[in-house]
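Asker: One structure, pasted below without further comment.
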Amino acid sequence: MKKQLFVFSFIICLLQVQFSVAQNDPSRWTPEDIINTESIGSVSVSPDGNMVLWTKRKGVKKKDRFVSDIYLTRLNMKKDGMYRTVQLTNGDDNDYSPIFSRDGESIYFLSSRAKGNKLWKMSIYGGEASQIKEFKNGISGLQWKDKNTLLFRSNDGKTLYESELETKKDNVIVVEDSLHWKPNHIYAFNLKDKSVKRLTSNKKPLGAYTVSPDGKWLVYSMGRSRSYASDAQKDPYYFLVNLEQGTTRQIITDLEFPSFGMQFSKDSKGFYFMSDHASDPKWNGAGITELYYYTISSNSHQKVNLRWDMGMGRGYDVVGNDVIVSLANRATLRLAYYRKNGNSWSRSNINLGEKNDHTSIYTVSDNGDKVVYQYSTSSKLPKFFIADLNGNKFSNEQELVKLNKGLAKKSITRSEVMTWKGYKGEEVTGLLYYPENYQEGKRYPLMLSIHGGPAGADLDLWSERWSTYPNLLAQKGMFVLKPNYHGSSNHGLSFVESIKGNYYEPEMEDIVKGIEVLHQQGKIDKSQMGTMGWSNGAIITTMLTVRYPEMFKVAAPGAGDVNWTSDFGTCRFGVSFDQSYFGGAPWDDVDGKFYNEKYLIKSPLFEIEKIRTPTIIFHGSEDRAVPRDQGWEYYRGLQQVGKTPVRFLWFPGQPHGLGKITHQLRKMKEEITWIETYLLSKSPEKNEAFKKDSPLASLLKVQQAGEVDGLFGEMKNGILIPETVSVKKDSISLGRFEVTNAQFKAFKPAFNFKAGQDNYPAVVSHNDAKAYVNWLSQQTGDTYRLPTAKEAENLHKKAHKAASGANTLNYWAGYAITKDEVPMLKEKLKELKSTLLKKAGKNKSTKVGEAEIYDLGGNVAEYYDNGSYGYSAYDFHDKHDSSMINSKYVGIRVVKE
């Protein structure tokens, strides 16, 4: 009986949460707003500096996925103070990886349109895209070698071995097979003669590559094994190819960590690259990122002295032979300019002021004189800028394009970077989001939103997505804290390494002390706290509920581990991650003990009976980063112990991050309902047996209408008048129903109707309709009128659309009548002794702006200034003809100013 009361089993039925208030109020956040936030990507500046090419992501509902479209912004043309932007591609296909031709007259791109792997071309002046060539073995990673040669990544095609397996329909996955590598290569495509030439002869899979500006050099990396079969390997192999001589040599052989992000300097004499640094590189664990420069002539590389202890933040951009580097700066990023002087670099600050710590660069033009970047904070929507660049000087800053115009209307909560003393008294940072309409001195619920990694970081940049959405939670009246616990990146080497061999302990202390600071400040109610997170955020969330069983009212972990012994063998990077944080393999003799007991004592599964927090679990069925069965072990433990409610959502076909639109929305809506239920003690809004467009739903809507002793309407100055509803804020109101018999009789006492038909629509003359609205204005002091001709035209369009399910002659015929049959039906109506009219509100409502309007498509037609619009129960609705008709049965729909 106890289990039946407290345990929810694994449920896969669709739970839809209604956000009706948010949908009607443009200032309110919804899950749809979060996942459809607009951003730009694949940004490049044209060779002449007059255009910017970029992509924008959008959701395609029928395909249940996100795709990108290509846009072109012209910097030499403006309209209404903004640069002219043209959308070049549109539709349900994914158009991606656009690049300008070397002369800037054309755009080449890849696409999911049509079948096969094709290269597409489009003129900058518009028109249809044309297919250049199909690449049967795939094409990706487009880069220019010269004006007539495109480089790309692909493979040589299927081997006989692969073809025979395919013929046999053998879909067995061979995890490791050193006899049958499937290498991909770099190829050159000649635009003139359409020929293809292989440029690399690597025997194992090729990773990233880049080509020098003069087209002479190519550098690429080659893996040592399949990425998911074995990890914690040494650096991949790196090779430099002389494309003029056709020679290849191995380079960069002495670094302990993998290197990445190669970019040539403008003079083609060398390239920059990044590599991590840690005090214990044995298992390629977490560290800080450093910048290097490789010189081709000497076959040597050297570290660029950034003169910044915390290392790099989010990459760098080459400017000629110099670089702009994003530096790690705890809860922000700092841009700095490094000028190359021979074999040394001098540093100078970027002149962006406060923006400098909140700016991310998208691209620098090839000639180094323009830069495109984004500015945002955790409480300021992203803005996208372009500026002239001269060394470290940004000038002539202009907004490139305005996105998220709908989100600009939202109520955006206040946020700040919070600091406090955590583990060993060291300073910890975090982002604190305030509840909407915060009142100082009042205590509020707290929701932890914990980042993954653990070597990730929450920065003071805009970050609302399906996995974390503080504005939506703040809107519900709670603080949201995103802690950068020990082990987070962007805070220096000692900070990121502090949890190695000591996993969980510093993080727990950091978070609990942060909570206590908020409590001491009088901000939060410690009896109303919850915790959520994805990946490592889920891992910490789970351990918090183990260590502090009574502290949290709700937990929402997604894709988190509970059993480190099983994780080691099934996680695709288990060797690197687990050995780095637990100090060895599960079977290792550690500190004189027979085995590494940390794998057991650090696994929440073996203490799961302590958990008392209502927990909702999310996991993708194809997750290899946090193996999918971790979710099952988590669920099974809570379900069997039976001491708290648990709900488990299993997303089929999804990897570590959710990609489908439906899955992202489902995760958010389920999570919000769980938080509202257990943290805010709010009953679920959705009755699972209630269909929102059912006849019962329609009846309940009508029931919300104003009534006086059973009569539709409302009393004012002792008179029964029509109820009106606002079309939109600060706009007109429309009658919810047509004027009823009882309402019209208040105006004209001699007006008669059959008993029981008080709430039926009144059929009146046009003169009486005009007289009624004038009388109504005089009696109430408000301004009432009939619709104008323009309003009537718009209302008729909605009436035409709604008429197919409304009270018209078509309904009474009982079949799909044609226009030719109408005269015969009307002859039959002469035998009728009762009315075809119905009580107001019998049919579904029609949305007019923000108002729910009834009987617009039928019952009686309605007068406007110079005629009537709509249909009555005696009128034929011709779905092939939307023009207005002259009805004999016409009533009144009032407009209130």
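No lab work stands behind these numbers, since they all come straight from the coordinates. Just so we're clear, the structure is a prediction, and the values are computed from it rather than from any experiment. Don't worry about glycine lacking a Cβ; one is built from the backbone with ideal geometry, like all the others, and counts go over all protein chains shown.
Asker: Across segment 824-835, in residue order, what do the Karplus-derived ³J(HN,Hα) couplings come to in whole Hz, using 6.51 cos²θ - 1.76 cosθ + 1.60 with θ = phi - 60° and x for Gly and Pro?
Answerer: Result, rounded to whole Hz: 5, 5, 5, 4, 5, 5, 5, 7, 6, 9, 10, 8.
Asker: Moving to a separate point now. Note down the net charge around TYR83, summing +1 for each Lys or Arg and -1 for each Asp or Glu among other residues with Cβ under 9 Å from its Cβ.
Answerer: Here the count lands on +3.
Asker: Also, quick follow-up: Shape call for segment 69-151 from the C-alpha gyration tensor, a ≥ b ≥ c root eigenvalues: rounded (a/c under 1.5), prolate (a/b greater than b/c) or oblate?
Answerer: Because a/c hits 1.5 or more and a/b fails to exceed b/c, segment 69-151 counts as oblate.
Asker: Under 5 Å between amide H atoms, partner at least 5 residues away or on a different chain: which partners does LYS728 have, H built in plane at 1.01 Å?
Answerer: Long-range HN contacts for LYS728: GLU850.
Asker: DSSP loop (so not H, G, I, E, B), at most 16 other Cβ within 10 Å: list which GluC sites (Glu not before Pro) in segment 792-827 pass both filters.
Answerer: none
Asker: Another question about this same structure. Mind listing the phi-derived Karplus ³J(HN,Hα) values for segment 136-142, rounded to whole Hz, using 6.51, -1.76 and 1.60 with θ = phi - 60°, and x for any glycine or proline?
Answerer: Along segment 136-142, the couplings run 4, 9, x, 8, 7, x, 5 Hz.
Asker: Continuing with this model, one more query. As an exercise, identify the trypsin sites (Lys or Arg not before Pro) in segment 260-368 lying in DSSP coil whose Cβ has no more than 14 other Cβ atoms within 10 Å.
Answerer: Here the trypsin sites (Lys or Arg not before Pro) that fit, given the DSSP loop and packing criteria, are ARG307.
Asker: Tell me which residues come under 5 Å, amide H to amide H, from SER872 once H is placed; ignore anything under 5 positions away on its chain.
Answerer: ALA861
Asker: Also: Which residue, chosen from THR570, ILE412, TRP812, occupies the Cα position most advanced towards the positive end of the dipole of the chain, where the dipole is computed from +1 (Lys, Arg) and -1 (Asp, Glu) charges on Cβ about the Cα centre?
Answerer: So the residue furthest toward the plus end is TRP812.
Asker: Please report the net charge: other residues with Cβ closer than 14 Å to the Cβ of ILE617, K and R +1, D and E -1.
Answerer: Summing Lys/Arg as +1 and Asp/Glu as -1 gives -1.
Asker: May I pose another question? Show the residues, 5+ positions off or on another chain, whose built amide H is closer than 5 Å to the amide H of HIS185.
Answerer: Answer set, sorted by chain and number: SER154, ASN155.
Asker: How far is helix 536-547 tilted, in degrees, relative to the longest principal axis of the Cα atoms in the chain, given as a value from 0 to 90 rounded to the nearest 10?
Answerer: The angle comes out at about 80 degrees.
Asker: Between segment 49-77 and segment 422-443, what's the alpha-carbon centroid distance in Å?
Answerer: What the calculation gives is 38 Å, centre to centre.
Asker: Could you work out how far helix 661-678 tilts from the main Cα principal axis of the chain, as a 0 to 90 degree angle to the nearest 10?
Answerer: Value to nearest ten degrees: 80.
Asker: As I understand it, the value is the acute angle between the Cα axis of helix 629-641 and the longest principal axis of the Cα atoms of the chain; what does it come to in degrees, rounded to 10?
Answerer: Roughly 60 degrees between the two axes.
Asker: ³J(HN,Hα) across segment 738-752 via Karplus (A = 6.51, B = -1.76, C = 1.60, θ = phi - 60°), whole Hz, x for Gly/Pro?
Answerer: In residue order, the calculated couplings are 5, 4, 8, 4, 5, 5, 5, 5, 4, 7, 10, x, 6, 5, 10 Hz.
Asker: Straight-line reach from LYS62: which lysines have Cα under 18 Å away, leaving out those fewer than 8 places along the same chain?
Answerer: Filter leaves LYS660.
Asker: How about segment 415-451: which chymotrypsin sites (Phe, Trp or Tyr not before Pro) there are in a DSSP loop, with at most 16 other Cβ atoms within 10 Å of their Cβ?
Answerer: Here the chymotrypsin sites (Phe, Trp or Tyr not before Pro) that fit, given the DSSP loop and packing criteria, are TYR438.
Asker: Measuring from centroid to centroid over Cα atoms, what is the spacing of segment 741-772 and segment 317-366 in Å?
Answerer: Result: 76 Å between the Cα centres.
Asker: Per the Kirkwood formula on distinct C-alpha pairs, the Rh of segment 255-347 is how many angstrom?
Answerer: The Cα-based Kirkwood calculation yields 13.6 Å.
Asker: Next up: Would you mind working out the magnitude of the charge dipole of segment 109-158 relative to its Cα centre, with +1 at each Lys and Arg C-beta and -1 at each Asp and Glu C-beta, to the nearest 20 Debye?
Answerer: 120
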